[in-house]
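Nothing in this text is a laboratory measurement; each read-out follows from the coordinates by a stated rule. Since the structure is predicted, the reported quantities are computational estimates derived from the model, not experimental observations. Reconstructed Cβ throughout: ideal geometry from the backbone, glycine too, with neighbour counts over all protein chains shown.
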Amino acid sequence: MTIPGVPPSSSGVAGTVAPAAPGRLGVAVEPRAALEYLDALGRWRDDRRRELDQLDRAALQSDQKDALTHDLMLSLALWKAVSDRYELLLATWDSGRVGQTERERMSALIWGRLDGTLDQSMLAKGGAGGFVAGLAVSLPEACRLSDALAGQLRVRLALDPSGLEVAERVRELRAQLERIRDQIELEPVIHRAEGRRQLERLGSRLAEIAEKAARGGDVGGLLPPLGNDAARFERDLIVNAAKRREATARLDRARELLRDLAAREVALQKLADQCVHTVDTAPNYAVPDVQALGPLPNTPAALEVFLRRLDQVSRAMTHAQDAYTRALHDYDELVSRLAAYRAKATALGVDDDPDVRRADEMASDALARRPVRMGIAGQLVSLYQSYLQVTAKSGESP
């Protein structure tokens, strides 16, 4: 379960924690903060790669190899996506040769969506594709999710530190609970109470373990289950937040489409009225009524259906607009042809010929009436062209 092109390392770094990301979306990153973050993120990337190699080797020797495949493949895909984004950040940083535009682009790379760079083929091999489908995680969230998954894998593979390292593991769990506390505050109000109760239960378990360890008790069998539960809880919170953002993005897109379609409806109706008034026979397409779609739904499934209906209405409007525009274009082309023939007749000095003048008047009258009978007008313009050609030819010197 290794990523092609990345050589495995010989040692693992357990308990690697991603650095805090600077700035926020839409605000240029400060140069010093950007430099420090890139340095810390580079170390985190290398340490996490070594740790994943260690976990991979341990999983291959474990009797639960198949059960661990999903989390290992997801961890590797997250690492690859973070590594690719890190390379883009380095290229944008360009050894510090950055201005306002480059620093804003770095902020967008840090806090923008990362799901588009996840290796879907790798996820599909491990059965993790459905887990991250449409998952709009940023670079910091992907790093935190990687931390949580790696911690969970260490627990399941019994690779957690013990003995003198218990205190360090307790410290890591406390830091993880603080991250969970911050993530809970991003949950909807109706879900925060349950999240806080679950966090309190985890905190109580950690406090009991810390007290027992301080008394010299053996807590080797207590830390792994707690770490597993904390990692799963943090992962679920990150995923839920990402899915809520994705749902919000779909809702915003639906609102924008509704506004656009409402404006297009008014303009298309004017175009259709103009076409019906100008030409006969005009296309016969009904202008879709956007109001008939009803209000925006408030459930994800209904919103997905609503977006498909908006797309259908948009395509119908485009088809109708093309037809009406083409009909008016045909009328304009006839007017332009007649004007060109008239200019040619003047240039040849045959514009006062009775036949040419009569054909001109008939074509002009046909194009001046409303609505214009396009079939007859086209024939009269062609008749004018024929008179012009014959008259001009007959007036040439032998």
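The table for this structure:
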read-out	value
Student exercise, region 244-398 dipole from Lys, Arg, Asp, Glu Cβ charges, in Debye to nearest 20	720 debye
For Val372, distant residues with modelled amide H under 5 Å away	Val279, Asp280
Summed residue charge, Cβ within 15 Å of Asp352's Cβ, Lys/Arg positive, Asp/Glu negative	-1
In region 258-287, trypsin sites (Lys or Arg not before Pro) in a DSSP loop with at most 13 other beta-carbon atoms within 10 Å	none
Share of pairwise Cα separations in region 244-398, more than 24 Å, in percent	54 percent
Non-local Lys pairs in the chain, i.e. 8 or more apart or on different chains, that have alpha carbons under 23 Å apart	6
Rg in Å to one decimal, and Dmax rounded to a whole Å, for the chain via C-alpha atoms	35.1, 125
Size of region 161-221 as Cα extents on the principal axes (Å, biggest first)	41, 15, 15
